[in-house]
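The values are calculated or read from the model by the stated rules, or taken from the named source; none is laboratory data. This one's a predicted model, so the numbers in the text were calculated from it and none came from an experiment. So basically every Cβ, Gly included, is an ideal-geometry build from the backbone, and we count neighbours across all protein chains shown. We work out accessible area using only protein heavy atoms, side chains counted, and drop any ligands, DNA or RNA first. Shrake-Rupley method; radii C 1.70, N 1.55, O 1.52, S 1.80 Å.
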Amino acid sequence: MTLCIGSVMASSTDLDIVNVTKRFGSHAAVDDVSFSVAPGEFFSILGPSGCGKTTLMRMIAGFEHPTSGDIRIRGKSMIGVPANKRPVNMVFQSLALFPMMSVGENVAYGLTCRGVSRAQAEERANRMLERVGLKGFGERRVTALSGGQRQRVAIARCLVLEPTLVLLDEPLGALDLKLREHMKIELKQLQGTFNTTFAYITHDQSEALVMSDRIAVMNQGRFEQVGSPRELYHNPATPFVASFVGETNRLQGEAAPAANGTIAVRLPSGAVVQGQGSAAAKAALAFVRPEAVALAQDPAPLSNLPNRFEGRVSAVLFDGAASSLLIDTTGFEQPVRAVLPQAGPLAGIQVGAPIHVGWTADAMKVFAA
Amino acid sequence: MTGKPAQRLTLFLLLAPAILWLGLLIVLPHVEILVLSFSERVAPRVYAFGFGNYLEFFTEPLYWRTFARTAFMSILVTALTLVLAFPIALYIARVAQGRLKAMLLLLCLLPFWVSELVRTLGWMILLRETGVISYMLRSIGLAGQPVELLYNDGAVILGLVYGGLLFMIVPLANALESLEPAVVEAGYDLGGSRWTVLRRIVIPHAMPGIVAGCIIVFMLTVGNFATPVLLGGKNGLWFTEQIYAQFITRFNWPQGAAFGMLLLLLSSAIVWLGLRLTGQSLGTTLKQA
């Protein structure tokens, strides 16, 4: 661990983003964003395309310059430091391996740029390739590798330089589903064994949830919420986070205070749902997760739930463990999505079957619209 | 190919113009010239087979010196053209966008809308003793008397580089355009300086384009006639002038034919050597050009 003299904060964080704003003309791609990343942390920035996450990452790498604010790495300001002088390395979305070089030369490139002798660079590159499971691949052409192997070369090329921070720009985007699932776990393990700080950007909530220690949800240039995957999922701070992270049912209506600390939301149809939240204004949004929706064939088991409705199955979306039901519910404009039980009397439910749904007030998050 | 007879006939008919063109205009004259180059005049209107024309080339210093000079100058012109064209192509391929890119390529093309002769005469108007540059030098007081800038190697090289520039820029810009921007960024990100990125990433990537451009420019330069004659005058001493002189002035066709074959041999040898030295194959190079 390095200690920077004169700055107590420096030793406790690897990356500090301080009120960073980036404007393109009058449009603010990144709007007054601040956060810190601790050493060894896997930090993700999650957001839809065009939310400014790529711009933010490129500013950390040094390819874009903030309009205002400061970027500090281990307490040292990076303003005015060119990309090739920053202790930050990036895994690009397209991986950007050097096709004119062999696998070994790709990994050794950064070392030779630093003035490490050719022989020593080659040796260190080979050792790094061994650690990422590509022993003996040094002489191969990068074009002769599979998607997963190319991925590992791209990461090895960064890790061999022992950077303070590795930036990953949606590196799994180009892979097929099976490999992507596999690489998620592998990336997390690599990060753990090297104990390097990772900053990962993605629009894929499952990638972010599975790998990250902390996630920042970004929307229209701002951070909506920063927290652990569980916090974001169970206690979203804004309607955007509630609907962007994970599957959810979204209801729109008018809020009115109700008994024992809950908020009642009156839907346009007149139906009322009970939820938790802080919506004082009239227009309100309410969210409930599909797995929080309890299902029953008769109303008795749900009788103690504040939210109880009747409906009819309109679609069975079978997807193994992630199967769900769409239920046309009286009083709701959109069908309610619920998790399909894999066992019990409801496992074999068919389209058109009558059903009762219900959920607790705790499971329903209410926000001002 | 084991196609049906009708398919074969179609293929043959489609290829016929190309085969005729190659056969009648390229292969046939070259065979004729090859045969001609080995015939010696033993008596008026009597010719016999012999190596005399080739021996003449090696025994007369003027011939092989002109030959060596042409080879050397052509390589120099090619190298200069490459150095000048590279930043231009880099700008067109990597920096310029949309309309500006099209405009810049058009600007490079524009001089080729007039004939080579007229373009060369344009340079003469600029460079001659009574020309524009000489006049300007005198009027700003840098020269006391008219300056002759024509009829030296510099003028010849200038004209040849100017003529070759477009043929270098186009294949170079093509090759550079296909370089993914993220690869260049990765080069910087991993700690490379501008020079390292240029040397280890941009140039190796552009190599097929570089070789293609160099081959085209070298061939055009070695075989050029008007530019060395007009801009170099008596000092031009280009090998094509020797060939011209043998065919037209001295009416010694066998000698001219031998010179022609030697020039063909020279350009082929240098192109082969260039491909070998850069480790490129003719196939990938032709794709770039």
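General remarks:
- About the centre of its Cα atoms, chain B shows a dipole size close to 320 debye [charges on the beta carbon of Lys, Arg (+1) and Asp, Glu (-1) only; nearest 20 debye].
- Per-residue mean of foreign Cβ neighbours for B:196-209 is 2 (Cβ atoms of other chains, 10 Å radius).
- Accessible area per residue in Å² at 1.4 Å probe, computed on chain A: 45 Å²
- Stretch gain in nm, segment B:Lys4-B:Trp195, where the contour uses 0.36 nm per residue and the Cα spacing is subtracted: 63.1 nm
- Of the DSSP H helices in chain B, those whose Cα atoms cover at least 20 Å axially and whose Kyte score averages -0.5 or more: B:5-21, B:61-90, B:153-177, B:203-222, B:253-278
- Residues whose amide H comes within less than 5 Å of that of A:Met364, counting only those at least five positions distant or on another chain, are A:Gln276 (H built at 1.01 Å from N in the peptide plane).
- Axis of helix A:147-159 versus longest Cα principal axis of chain A: the two differ by about 60°, to the nearest ten degrees.
- With the simple spin-label model, which puts each label point 7 Å out from Cα in the Cβ direction, the A:Arg250 to B:Val114 separation comes to 6.5 nm.
- The DSSP beta bridges internal to the protein assembly as shown are antiparallel in roughly 75% of cases.
- Segment A:247-368 - percent relative contact order, Cα under 8 Å, separation 6 or more: 33 percent
- Placing a label point 7 Å from the Cα of B:Glu180 along the Cα-to-Cβ direction, the residues of segment B:87-112 with a backbone N closer than 20 Å are B:93-95.
- Per-peptide packing, taken as the mean over residues of other Cβ atoms within 10 Å, places B:61-74, B:133-146, A:93-106 in the sequence A:93-106, B:61-74, B:133-146 from highest down.
- Size descriptor for segment A:13-239, Kirkwood hydrodynamic radius: 18.0 Å (Cα pairs only, one decimal).
- FRET efficiency estimate (nearest 0.05) - Cβ-Cβ, B:Ala269 to B:Leu126, R0 30 angstrom: 0.25
- Amide proton proximity set for A:Asn249, modelled H, under 5 Å, gap of 5+: A:Val288, A:Arg289
- Net dipole in debye of chain A [+1 Lys, Arg Cβ; -1 Asp, Glu Cβ; about Cα centre; nearest 20]: 900 debye
- Alpha-carbon gyration tensor eigenvalues x 5, square-rooted, for the protein assembly as shown, Å: 73, 31, 25
- When you restrict to C-alpha pairs under 8 Å that are six or more residues apart and normalise by the size of segment B:155-258, the relative contact order lands at 32 percent.
- Whole-percent carbon and sulfur share, accessible surface of segment A:13-239, 1.4 Å: 47 percent
- Per-peptide average of other Cβ atoms within 10 Å, ordering A:231-243, A:108-120 highest first: A:231-243, A:108-120
- Alpha carbon centroid spacing (whole Å) that separates segment B:29-92 from segment B:201-230: 17 Å
- Projecting the Cα atoms of A:Leu95, A:Asn126, A:Ile73 onto the charge dipole of chain A, computed from C-beta unit charges around the Cα centre, puts A:Asn126 farthest toward the positive end.
- For B:Arg94 and A:Ala322, a Förster radius of 45 Å and the Cβ-Cβ distance give a FRET efficiency of 0.50, rounded to the nearest 0.05.
- Plainly put, segment A:230-345 has a radius of gyration that is 0.96 times its Kirkwood radius, both from alpha-carbon atoms, as the Rg/Rh ratio.
- Crossing angle, helix A:118-131 versus chain A [Cα axis fit, 0-90 degrees, rounded to tens]: 30 degrees
- Distance (nanometres) between label positions extended 7 Å along Cα→Cβ at A:Asp32 and B:Val46: 10.7 nm
- Of the chymotrypsin sites (Phe, Trp or Tyr not before Pro) found in segment B:8-55, the ones in coil according to DSSP and having at most 13 other Cβ atoms within 10 Å of their Cβ are B:Phe51.
- Point-charge dipole on Cβ atoms (K/R +1, D/E -1) for segment B:49-185, about Cα centre, debye to 20: 320 debye
- Segment A:330-364 residues near the modelled A:Ser314 label - backbone nitrogen below 20 Å, point 7 Å along Cα→Cβ: A:330-341, A:349-359
- Taking the protein heavy atoms of segment B:72-288 in the context of the full set of protein chains, the accessible area attributed to carbon and sulfur is 71 percent at 1.4 Å.
- The calculated FRET efficiency for the pair B:Leu76 and B:Arg276, based on their C-beta separation and a Förster distance of 22 Å, comes to about 0.65.
- Label-point separation, B:Ile133 to A:Ala353 (7 Å along Cα→Cβ), nm: 9.2 nm
- Accessible-area composition of segment A:259-317, carbon plus sulfur, in percent [1.4 Å probe]: 52 percent
- Number of partner chain Cβ atoms within 10 Å, mean per residue of A:91-103: 5
- Computed over segment B:72-288, the ratio Rg/Rh where both radii use C-alpha atoms and Rh is Kirkwood: 1.04
- A/B buried area, accessible surface, summed, 1.4 Å probe, Å²: 1700 Å²
- Of all lysines in the structure, those lying under 20 Å Cα to Cα from A:Lys282, and not within fewer than 8 positions of it along the same chain, are A:Lys365.
- Restraint check, A:Lys53/A:Lys184; A:Lys85/A:Lys178; A:Lys53/A:Lys188; A:Lys53/A:Lys85; A:Lys85/B:Lys287; A:Lys22/A:Lys184, Cα-Cα greater than 26 Å: A:Lys85/A:Lys178; A:Lys85/B:Lys287; A:Lys22/A:Lys184
- Å² of accessible area per residue within segment B:72-288, as computed with a 1.4 Å probe and no ligands counted: 51 Å²
- Taken residue by residue and averaged, Cβ atoms of other chains lying within 10 Å of the Cβ of B:35-43 number 0.
- Dividing the convex hull volume of the alpha carbon atoms of segment A:283-369 by its residue count gives 101 Å³ per residue.
- For chain A: relative contact order, % (alpha-carbon pairs under 8 angstrom, 6 or more apart): 15 percent
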